[in-house]
Amino acid sequence: MVASLVALVTQFSALTGWCEASGDISFRNGIEAYQTGQFVDAAKSFRESLSQRPSAGTFVNLGMTEWRRGRTGAAILAWEQALWVDSLNQSARNNLKFARESTGVDEPRLEWYETASTWLPTNSWGWIAGAGLWLALGMMTLPMVLRWRKSSWYQALAALGLGVFLLSLPAHFGVMTRARIGFVLERKTPLRLTPTEEADTVATLTAGESARQLRVQGDYAFVSTRSGLGWIERDKLGLVCPL
């Protein structure tokens, strides 16, 4: 575990060079505050940077800052958001593995199409679906408009485009459903029977535990968790979609 913690801190330091080369003042302020142990100020600066331009590296740094503050739920959320922006970010994956092994919190349960949506960066699937559709439509209409001679090559391209479009749809749908997954931000968060403060507690949720938001009513969200269905205060649940 000690070795994992050292690796986690090293991953933060590795991002410092990128920060110094960027023009993001809030990002640089966050690095400086973190290095001097001012974790509250560091988290504030990283969040300001994210409000201007969400990036996986900033989310990774925010997660490590929240971890040092003892805010497990916020740290796990930030690392999950890093993977939302860039599913190939290995630092975020390593940190999540370490955090979950340390706390005993399980990964969120994903449907097969949601798992497929994690194979590439989130925004990629929309572009892939759009490119495939336009390629198919173009190869079906352009030969008629331009009066090209019949040829198998543009028919093959049309079939390829249509195939890419259809194959990318499940992953694109998975992105939309994954956007409703959130993570509990505070320890001992009550899962209530009804959306009121006086309601009976169905279960007590752990910081960093995943919950799928099904609907919203006022200040509460109706969620599905490993402990069952119930209502949770919205400010105690952070959704994975950072935008």
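Here the range 183-243 is assigned +1 on the Cβ of each Lys and Arg and -1 on the Cβ of each Asp and Glu. Its dipole about the Cα centre then comes out at about 260 debye.
Each Lys or Arg adds one and each Asp or Glu takes one away; over the other residues whose Cβ falls under 14 Å from the Cβ of residue 178, this sums to -1.
The C-alpha atoms of the chain define a longest principal axis, and helix 124-146 lies at about 10 degrees to it. Projecting the Cα atoms of 173, 208, 60 onto the charge dipole of the chain, computed from C-beta unit charges around the Cα centre, puts 173 farthest toward the positive end. Placing unit charges on the Cβ atoms of the charged side chains and taking the dipole of the chain about its Cα centre, the candidate lying farthest along the positive direction among 154, 194, 117 is 154. Restricting attention to the chain, close to 100% of DSSP beta bridges with both partner residues there are antiparallel. Restricting the range 151-188 to trypsin sites (Lys or Arg not before Pro) that sit in a DSSP loop and have at most 12 other Cβ atoms within 10 Å of their own Cβ leaves 188. A straight chain from residue 107 to residue 224 at 0.36 nm per residue would run longer than the Cα-Cα distance by 40.7 nm.
If exposed GluC sites (Glu not before Pro) are those in a DSSP loop with at most 13 other Cβ within 10 Å, what is the longest stretch of the chain that has none? Counting only loop sites that pass the neighbour cut-off, the longest clear stretch is 1-110. Pairs of lysines in the chain whose Cα atoms sit within less than 29 Å of one another amount to 6, provided the residues are eight or more positions apart or on different chains. Please give the FRET efficiency for residue 204 paired with residue 241, using the beta carbon to beta carbon distance and R0 = 30 Å, rounded to the nearest 0.05. So the FRET efficiency works out to roughly 0.70. Counting only Cβ charges, +1 for Lys and Arg and -1 for Asp and Glu, the dipole size of the range 33-132 around its Cα centre is about 300 debye. Taking the Cα centre of the chain as reference, the dipole from Cβ charges on Lys and Arg (+1) and Asp and Glu (-1) amounts to some 760 debye. Computed extension gain for residue 48 through residue 140, at 0.36 nm per residue and net of the alpha carbon distance, reaches 28.4 nm. For the chain, the residue among 229, 140, 102 whose Cα projects farthest onto the positive side of the dipole built from Cβ charges is 140. Placing R0 at 41 angstrom, the Cβ-Cβ distance between residue 177 and residue 151 gives a FRET efficiency of 0.50 after rounding to 0.05. Need the full-extension length gain, residue 169 to residue 36, defined as separation in residues times 0.36 nm minus the C-alpha distance. One decimal, nm. Full extension of this stretch gives 43.2 nm more.
Here is how the number arises for the chain: DSSP H runs of 4 or more residues each give -39500 (n - 2.57), the sum is divided by the residue count, and the result at 222 nm is -19500 deg cm²/dmol.
Quick note: the coordinates plus some simple rules give every number you see, no bench work behind them. Quick caveat: nothing in here was measured; it's all calculated off a predicted structure. When we count neighbours, we look across all protein chains shown, and the Cβ atoms used for this are built from the backbone with ideal geometry, even at glycine.
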